[in-house]
Structure formats: C-alpha cells, structure tokens
Amino acid sequence: MMGRLEGKVAIITGAARGMGAAHTKRFISEGASVVFTDILVDEGKQLQQELGEKSLFMKHDVTSTSDWKEVVKETVATFGNVDILVNNAGIDVPEQDLLDVSEEQYLKVISVNQHSVFYGMQAVTESMKQTGGSIINISSLAGIIGANKKLAYTASKFASRGMTKAAALELGAFNIRVNSVHPALSPPT
Ligand SMILES: NC(=O)c1ccc[n+]([C@@H]2O[C@H](COP(=O)([O-])OP(=O)(O)OC[C@H]3O[C@@H](n4cnc5c(N)ncnc54)[C@H](O)[C@@H]3O)[C@@H](O)[C@H]2O)c1
C-alpha cells in the first residue's frame with residue numbers, strides 16, 4: 001500500500017527525541033524523506049543510524065536564521081524540495097509566579113517557541129510557493145486555554161497559533177496549508 005506521504009520531503013525540528021522523533025519515524029514509515037534537526041547532536045546522530053537513508057540529521061538551533069538557511073539549502077540539495085515543515089522544537093518551563101519570571105527567562109521561551117516559528121515559516125515559504133506545501137506548527141493546549149503559572153510559555157503558544165492563522169490566510173493562495181496542533185499533557189480540569 002502507498003504511504004500517505006510517498007515522495008514528500010519534510011523538515012522536522014526538535015526531533016532528536018520526544019514528539020519530534022515520533023513525527024520523524026511516522027513520516028518515514030508513510031514514505032516521506034525527512035531532514036530532522038535538533039541541538040542535541042549525539043541523540044540526533046544515533047536516531048539517524050536507526051532511520052537510514054530516507055532521513056538526514058542536521059544540527060540546527062531554531063533561533064538562528066543562518067541555521068535555518070543551511071537546513072533549507074541542504075534539504076533541497078539532498079532531497080530536491082521542501083513539501084512539509086513541522087515546527088516542533090520547543091521548551092517547557094516550570095510553573096512560576098508572574099512576579100518571579102525574569103526578563104531573561106521570558107525572552108528565552110519566546111525566542112525558542114515563538115521566534116523560531118516565524119523564522120521557519122519564512123525560511124521555507126519561497127520554495128514552497130513554487131510547488132505548494134504544508135506547514136505544521138506544534139503549539140499546545142496552552143495556546144488555546146492558557147496554562148496557570150506559565151505566562152511566557154502560554155504567550156509563545158498563543159503566538160504560534162496566531163501566526164498560523166495569519167500565514168494560512170496569506171499562503172492559501174499558493175496552495176500552502178498552515179495548521180497548528182495543540183497537544184495536552186493531561187486532560188484539562
Ligand atoms: N509533550 C507534551 O505533552 C506537549 C504538550 C503540549 C505541547 N508540546 C509541544 O510539543 C513540542 C515537542 O515537545 P516534546 O514533549 O517532544 O519535548 P522534548 O523536550 O522531548 O523535545 C523538544 C526538542 O526540542 C529541542 N530544542 C530545544 N531548544 C531547541 C532549539 N533552540 N533549537 C532546536 N531544537 C531545540 C530539544 O533539544 C528537544 O529535543 C514542543 O513544542 C512542546 O512545547 C508538548
């Protein structure tokens with residue numbers, strides 16, 4: 001049986017472990033070629049050995065625009081195109097009172113969870129406009145209902161959802177779908 005992603009080429013970030021690694025394995029089992037990226041190089045290289053030639057691991061800090069350029073360039077050079085981007089990389093934070101959150105902590109979460117989504121969408125859009133494609137931003141349930149004592153995390157996940165909507169409205173004309181996904185650790189109470 002044909003896989004659902006036969007012939008497609010995907011970039012998946014934050015994929016050396018966790019959900020990103022799971023997305024990568026599933027994409028490959030559905031027939032895609034995947035460039036999966038992370039700052040965790042040892043874990044990434046190890047996973048690459050398991051996954052074989054339909055995968056390519058790259059060291060990639062999603063807060064770096066020059067890293068993004070390299071990843072897109074290498075993806076096109078290796079697999080010929082970029083059909084799918086999964087902006088999955090993200091960091092969680094411990095619960096903290098609003099008054100205890102430092103500016104540095106706030107900016108770190110915004111940078112990794114929010115700015116990365118902007119950089120990633122911008123990095124792939126030029127080539128996707130030629131062929132169409134799909135961008136999937138992994139937000140959170142926190143991006144819909146908020147998370148108590150996680151102000152920066154909540155802000156970043158609302159922003160990811162908001163950017164998804166704006167980009168979907170703009171890029172639909174180019175046959176690029178843009179969607180967000182909102183996982184939850186446990187059902188909301
Ligand atoms: N696991 C959950 O229950 C849950 C719930 C809601 C949302 N999410 C979201 O799903 C995504 C994946 O979460 P996960 O649970 O698999 O987390 P995880 O920590 O297992 O994986 C996230 C990956 O992102 C990588 N990463 C962190 N900073 C990075 C950076 N600057 N550049 C590149 N990579 C970076 C980490 O090294 C890690 O491998 C995140 O965006 C997270 O916010 C997860």
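The values are calculated or read from the model by the stated rules, or taken from the named source; none is laboratory data. Because the structure is a prediction, the values reported are computed rather than measured. Please note: Cβ atoms are built from the backbone with ideal geometry, for glycine as well, and neighbour counts cover all protein chains shown. These accessible areas exclude ligands, DNA and RNA; they are computed on the full protein's heavy atoms, side chains included. Shrake-Rupley method; radii C 1.70, N 1.55, O 1.52, S 1.80 Å.
Here are the numbers:
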read-out	value
Given (1) within 16 Å of the ligand (Cβ to nearest atom); (2) crowded, with 22+ Cβ neighbours inside 10 Å, number of the condition A159 does not satisfy	(2)
Boolean, D61 is within 10 Å of the ligand (Cβ to nearest atom), open to solvent by 40 Å² or more (accessible area, probe 1.4 Å), at pLDDT 95 or above and under 30 Å from A152 (Cα atoms)	yes
Condition met for E53 (closer than 23 Å to I28 by Cα and of a type in the set (D, E, K, R))	yes
Residue identified as within 13 Å of the ligand (Cβ to nearest atom), open to solvent by 20 Å² or more (accessible area, probe 1.4 Å) and of a type in the set (D, E, K, R) among K54, K69, K73, K108	K108
Residue match in segment 88-97 (condition: under 30 Å from L5 (Cβ atoms), buried (at least 17 other Cβ atoms within 10 Å of the Cβ) and out of contact with any helix residue (DSSP H, G or I) (no Cβ under 8 Å at 6 or more places or on another chain))	no
Hits in segment 26-51 - residues which are over 15 Å from the mean Cα position of the chain (by Cα), buried (at least 16 other Cβ atoms within 10 Å of the Cβ) and away from the ligand (no atom under 13 Å from the Cβ)	I28, A32, S33, Q48, L51
